1. For the stretch 115-151 and the stretch 33-103, what is the separation of their Cα centres, given in Å?
2. Using only the Cα atoms of the stretch 79-169, each taken as one equal point scatterer with no solvent, compute I(q) by the Debye sum, divide by I(0), and report log10 of the ratio at q = 0.23 Å⁻¹.
3. Would you calculate a helix-derived [θ] at 222 nm for the chain, using -39,500 (n - 2.57) for each DSSP H run of n ≥ 4 and dividing by the full residue count, to the nearest 500?
4. Can you tell me the mean projection area, over all orientations, of the convex hull of the stretch 75-118's alpha carbons? Units nm², please.
5. Which percentage, to the nearest 5, of the DSSP beta bridges contained in the stretch 2-174 is antiparallel?
6. May I ask which of LYS101/LYS158; LYS100/LYS178; LYS80/LYS108; LYS31/LYS101; LYS108/LYS159 have a Cα-Cα span longer than 29 Å here?
7. Where Rh denotes the Kirkwood radius from the mean inverse Cα pair distance, what is Rg over Rh for the stretch 2-174?
8. Name the residue from GLY89, ALA169, PRO58 whose Cα lies farthest towards the positive end of the charge dipole of the stretch 2-174, charges +1 on Cβ of Lys and Arg and -1 on Cβ of Asp and Glu.
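Each value in this text was obtained by applying a stated rule to the coordinates, not by laboratory testing. Treat the numbers as computed from the prediction; the structure is a model and nothing was measured. In this analysis, Cβ positions are derived from the backbone assuming ideal geometry, glycine residues included, and neighbour counts consider all displayed protein chains.
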Amino acid sequence: MAHEIIMAGFGGQGVMAMGKILVEAAMEEGKNVSWLPSYGPEMRGGTANCSVIVSDEPIGAPIVTEATAAIVMNRPSLDKYENTVVPGGALLINSSLIDKKATREDIKVYYVPANEIANELGTDKVANIVMLGAYLQSSGAASFDSIMNIITHIFSGKKASVIPLNKEALIRGAACIK
């Protein structure tokens, strides 16, 4: 199974980190992966995004044009990427920052109050991890344990105190998917 995901938001929302964590976790599980960040004009206040592919088969090209899922952190990202999701795919919307509803009825849509959950946990810096937890629950692209292994590795040493916060953010995000 191939998971082709577009993750998008404003610069600083942790979109690139979310993609890298997923890719590293899936790679740890022996899957084929691709992570293609998009910088350029997006770094000046526009939409920053990355294309992520997780597959059991070899990956031919790293660009996602027909996404099995899109994770959108802000309104411009919803406007830009909703129509890239294939019929039957999933759209995960950060409902804390996006007041617009999805217009399509041929995809699964999940409204995740990522910033609200992150703020309940004490910092909006984990909103991306909340969304990642929701995506994992909806897709099974990687295991919770693999994601936690990567987070533990990233936040080792002096940063280890944020590991429980990130774990709780993953759990709370996953709980948003029914």
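1. So the two Cα centres are separated by 16 Å.
2. Evaluating at q = 0.23 Å⁻¹ gives log10 I(q)/I(0) of -1.15.
3. -11000 deg cm²/dmol, from helical runs alone.
4. Answer in nm², one decimal: 2.9.
5. Approximately 55 percent, going by the DSSP bridge assignments.
6. Cα-Cα > 29 Å for LYS101/LYS158; LYS31/LYS101; LYS108/LYS159; rest within.
7. Looking at the stretch 2-174, the ratio lands at 0.94.
8. ALA169
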